[in-house]
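As structure tokens, the structure follows; a few thoughts come after it.
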Amino acid sequence: MSVLMTWFVLIFLTVTFLYLTWKVYKVYLQTFDTFLFYGFFGLLIFSANVLLWGVNYFIGNFSAVSVFISICFMIGYGLIFWAFFHKVSICINSKSEKTIFGLDILIVITVSITIALYVAVKPFLTTYNFFHLTNGLIILYPIIGVILLFTIIMIWSHERSIQNQTFTVTIIGLLVMITSSTLFNYHILNETYRIGSWIDIFYMASLCILAYAFYLYVPATYCDCKTEFDIPDIRKTFAPYIFVAVWFLLFIFSRVSPIDDDWEASLYNSGVILIFLTILKQLIISLENRKLMVQLDVLSSTDALTGSLNRHFLNRYALKLHESGLERISILFIDLVKFKEFNDTYGHIAGDERLKQLVSLMDECIKDDKYIIRYGGDEFIVLLPDAEKRVAEKAKQSLETCLATYSQAHSDMSPLLVTVGINTSTDLDILKIIDKADREMYKNKRFSEL
């Protein structure tokens, strides 16, 4: 390729890159999407990087400017990473899930650094002085590029809140950029680099591809995160371990093709870090699972409307009753009087509120140890463990007194009345106890209607 043609392609790619960056900015002004915000500023920093690079090589090669060019390059990478990271983080609600996600990122970064050092940096280490600031910064280009590449793959596999086309084009752009920066390193350190070479074309092409990736992004007008009812994606669990598998492949390769002691030590060190991060992640997952199991147990035993216990709890309690060591058990079977008429008059929302108020009054007025269970639509059971008949009678009287007081205070609505059946038994067959209390309740109900 002639020098004139090379410069023509470079100028064309530069103009294309600036045009796409401007288009991304215009879309951001219309939507104020945070993904585009960080992406645009990342592209803007890369634009400054290109401008400084051109000025430095055309006017004079100043080491201070070279350092600033490298810093711009890294900041651009960082902003692109943050665009993807922020987009996913807003879809993660719980602190534990954010911690697990952060550990996944650290696992990927550890593997990325190991691979980048082994593949892109190792060939230069024996030749060049990396304590020199410029050399040290230049060699970071491919390392940061590999970290960003692997991290974005992991982020996308964890939560696909970025469209496929944006993700795919971003990965292609990063691959091209990593290739160009690695070749750039090689030629710079061998002092064979010249401005306007095909390496520069590669680099500008990678910037155009990244800008195009952000241009393709379609801002969501709604929250495109998954809901709590979605089936958990298995990729979230296994995505970071794919990168651990890559580390193991590198380790196996080092056994087949022996490496020097320093590199072997680095490989072992990264392995120790991976093991620590993996164990820590599994510990957090175990603690979170234990907490979720407790929450699930509470939810499965609680009535969603009234907050009382439900039939599921009653069935579990009945199974364990004979092992409880109780001598007797008392049950109050409670039916809300004329609840259907109340619903027809005041509406179902008012009816729901009446059920919740009844549960609240039962909890407040019955002072003994108890379990309040919603047995049916407007039927409740108050289960009194080890309570004698007189205790159950007293509980009934306390409840009726509280309901009368409440009805007087809310005279604008129909009174809150219940019919109660009581049964106390030393036979701990809870279904029989409930049946007898139910029959007594119906007997009392028929008597009150006479």
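The share of C-alpha pairs in region 311-449 whose separation exceeds 25 Å stands at 26 percent. Once R0 is set to 22 Å, what does the formula 1/(1 + (r/R0)^6) return for the Cβ-Cβ distance between Leu296 and Leu319, expressed as a FRET efficiency to the nearest 0.05? With a Förster radius of 22 Å, E is 0.75. Using the average count of surrounding beta-carbon atoms within 10 Å as a protection proxy, the listed peptides 320-331, 163-174 rank, highest first, as 163-174, 320-331. The listed peptides 388-395, 18-25, ordered by packing as a protection proxy, come out as 18-25, 388-395 (highest mean of other Cβ atoms within 10 Å first).
Placing R0 at 35 angstrom, the Cβ-Cβ distance between Val391 and Tyr346 gives a FRET efficiency of 0.50 after rounding to 0.05. Using the Cβ of Glu388 as centre and a radius below 12 Å, the other residues enclosed give a net charge of 0, where K and R count +1 and D and E count -1. Label point of Thr16 set 7 angstrom out along Cα-Cβ; within region 166-189, amide nitrogens under 17 Å from it belong to 169-178, 180. Leaving out same-chain residues fewer than 8 places away, which lysines sit with a Cα under 18 Å from that of Lys87? Within reach: Lys95, Lys98, Lys226, Lys236. Working from label points 7 Å from Cα in the Cα-to-Cβ sense, the Gln30 to Arg439 distance is 7.6 nm. For the peptides 108-116, 195-203, 274-282, 406-414, the ranking by packing is 108-116, 195-203, 274-282, 406-414, with the highest mean count of neighbouring Cβ atoms within 10 Å listed first.
With a Förster radius of 41 Å applied to the beta-carbon distance between Arg311 and Leu283, the computed FRET efficiency rounds to 0.65. Taken along the Cα-to-beta-carbon direction at a fixed 7 Å, the label points for Ser96 and Ile275 span 2.7 nm.
None of the figures in this text is laboratory data; all of them are computed from the coordinates on show. Everything numeric in this text was worked out from a predicted model, so none of it was measured. For neighbour counting, all protein chains shown are included, and Cβ atoms are generated from backbone atoms with ideal geometry for every residue, glycine included.
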